[in-house]
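Accompanying notes for the structure given below.
Since every read-out is calculated from the coordinates, none of them should be taken as a lab result. All of these numbers come straight from a predicted model, not from anything done at the bench. Using ideal geometry, Cβ is built from the backbone for each residue, glycine included, and neighbour counts are taken over all protein chains shown.
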Amino acid sequence: MSESINYMNLAIEEAKKAGSMGEVPIGAIIVLNGEIIAKGHNLRETKQTSTAHAEILAIEEACRKVGSWRLDKATLYVTLEPCPMCAGAIIMSRISRVVFGATDPKAGCAGTFMNLLQDERFNHQCQVEQGVLQEECGQLLTDFFKVIREKKKK
């Protein structure tokens, strides 16, 4: 568990980068054979593209680094439970394990809203570990959206 906490803390640092840019604070780290091979944080507003989620950006970087679309034996650490798009990318890239912090009751596809990552109808499933530093990950989002709401009131 301490390994998961260490890597999740790094994902939180990525999330904070996103938050400091006005992006929803979500961060991701991909680890393969004990080495961080990719990092990502949300850039939807910056890039003005709906696919610029932390997980997608990290997966793209990891694929470039290993020279393959297959990320077998890799673990993805992400501060928020993956959405349907990101869960699909995780499955398609063959990531073996996903560790996430906060659950997402509106779009979480690793067990909260639905569980695409472990659906046996797909040809690939992932191990899933949830709730790692859940309070810290959730608080980043709570604080971010509180500031947004306060700005809208003014």
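Secondary-structure-derived ellipticity at 222 nm for the chain, considering helices only, amounts to -13500 deg cm²/dmol, per-run term -39500 (n - 2.57) for DSSP H runs with n ≥ 4.
Most tightly packed first, judged by the mean number of other beta-carbon atoms within 10 Å of their residues, the peptides 54-66, 106-118, 139-151 read 54-66, 106-118, 139-151. Within the set of other residues whose C-beta is less than 13 Å from the C-beta of Leu43, count the net charge using Lys and Arg as +1 and Asp and Glu as -1. Net charge in that neighbourhood comes out at -2. Stretched out straight at 0.36 nm per residue, the stretch from Ile36 to Lys16 would grow longer than its current Cα-Cα span by 5.4 nm. In this structure, Glu61 and Lys152 have a Cβ-Cβ separation that, at R0 = 35 Å, corresponds to a calculated FRET efficiency of about 0.55. Neighbours of Pro82, meaning other residues whose beta-carbon lies under 10 angstrom from its beta-carbon, give a summed charge of -3 when Lys and Arg score +1 and Asp and Glu score -1. Once the Cα atoms of helix 54-66 and of the chain are each reduced to a long axis, what angle between those two axes, in degrees from 0 to 90 to the nearest 10, is obtained? With rounding to tens, the tilt is 40 degrees. Computed from the C-beta positions of Gln139 and Lys47, the FRET efficiency with R₀ = 22 Å rounds to 0.30. The residues packed around Ser96, meaning those with a beta-carbon under 10 Å from its beta-carbon, carry a net charge of +2 if Lys and Arg are +1 and Asp and Glu are -1. Full extension of the chain segment joining Glu129 with Phe113 gains 4.2 nm, where the gain is 0.36 nm per residue of separation less the Cα-Cα distance. Enter the angle in degrees (range 0 to 90, nearest 10) between the Cα long axis of helix 134-153 and the first principal axis of the Cα atoms of the chain, meaning the one along which they spread out most. It is inclined by approximately 40 degrees.
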